[in-house]
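To start, the structure under review is shown below, and the notes come after it.
The values are calculated or read from the model by the stated rules, or taken from the named source; none is laboratory data. Everything quoted here is computed from the prediction, not taken from an experiment. Note that we place each Cβ from the backbone using ideal geometry, even for glycine, and neighbour counts take in every protein chain shown. These accessible areas exclude ligands, DNA and RNA; they are computed on the full protein's heavy atoms, side chains included. Shrake-Rupley method; radii C 1.70, N 1.55, O 1.52, S 1.80 Å.
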Amino acid sequence: MKRLMLWLGVLAPLLYYGAVIGGALSWPAYSHVTQYASELGSAAAPHPEYFNWPIMAAGGLAVLSSLGFFAALRERGAGVVAAFLTALSIALWGVSMVMGGSFPMPNPLHNGFGLGLAIQLAPLFMLWALWGAKAPGLKLFLAVVFVASLGLLLVMFNVGDLNLVRQSNVGLWQRAYSLSSIPWLAVAALALMGPARKA
């Protein structure tokens, strides 16, 4: 069962990017450079269902996969709190995806009360959970993911008044952030399918 749940964690990011690609292919005028991904699910899109349904499915898979992450981390000697916080942050991101597809832009519920930002902490929690495990490559990967995604998130929120994100490039910045904060789930899930080794 644990392995099946982890496979769902591999599929969730694939479904998300399938939604982005499929939605964009159905809207020839859409621009990945200047538009948010969520616009693919808005009423302005010719086929919003191509985006909304897959991201809701991705969110559901992420919620289920959180159980697999919890079990796999506990198997590797992680404490209950660290494993739980890792699983919770992944599950909250999943809930936000379900809400995002259920309440397309510009519905104020589309942002899912900001729950999607929980994914930002998931690599850090997982690094904590694996601290005593013999997995140097995975731990380095998680550290890089956390630092990269945090840096891009700060740019997106214009911390420090850098003003790098503009209407002319907001889509590119959002894609960069999503690439730093979503695909790692699949990599981590695959890594956790391997045999547990303690340091």
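What pairs can you find where one residue is in the range 163-186 and outside any helix (DSSP H, G or I), the other is surrounded by 16 or more Cβ atoms within 10 Å (Cβ to Cβ), and their Cβ atoms are less than 7 Å apart, with a gap of 6+ or different chains?
So the pair list comes out as Leu164/Val155; Val165/Val155; Val165/Trp173; Ile182/Pro13; Ile182/Tyr16; Pro183/Pro13.
Return only the number of the condition from (1) under 27 Å from Met5 (Cβ atoms); (2) touching a residue at least 24 places away in the same chain (Cβ under 8 Å) that Glu39 does not satisfy.
Exception for Glu39: condition (1).
Name every residue in the range 118-137 that is modelled with pLDDT of 95 or more and of a type in the set (A, V, I, L, M), in order of residue number.
Across the range 118-137, the qualifying residues are Ala118, Ile119, Leu121, Ala122, Leu124, Met126, Leu127, Ala129, Leu130.
Test Tyr36 against the criterion of being open to solvent by 40 Å² or more (accessible area, probe 1.4 Å), over 20 Å from Val170 (Cβ atoms) and touching a helix residue (DSSP H, G or I) at 6+ places or on another chain (Cβ under 8 Å), and give yes or no.
no
Would you tally the residues in the range 112-156 being within 28 Å of Met56 (Cβ to Cβ) and not in a helix (DSSP H, G or I)?
Within the range 112-156, residues that are within 28 Å of Met56 (Cβ to Cβ) and not in a helix (DSSP H, G or I) number 1.
What residue, among those in the range 72-90 that are assigned to a helix (DSSP H, G or I), of a type outside the set (D, E, K, R) and open to solvent by 20 Å² or more (accessible area, probe 1.4 Å), is farthest from Gly41 (Cα to Cα)?
The selected residue is Val80.
Out of Asn107, Asn111, which single residue is free of Cβ contacts under 8 Å to residues at least 12 places away in the same chain, among the polar types (S, T, N, Q) and under 25 Å from Tyr50 (Cβ atoms)?
Selected residue: Asn107, the only one of Asn107, Asn111 that is free of Cβ contacts under 8 Å to residues at least 12 places away in the same chain, among the polar types (S, T, N, Q) and under 25 Å from Tyr50 (Cβ atoms).
Take Lys198 and tell me if it is under 28 Å from Leu73 (Cα atoms), open to solvent by 30 Å² or more (accessible area, probe 1.4 Å) and at pLDDT 95 or above.
no
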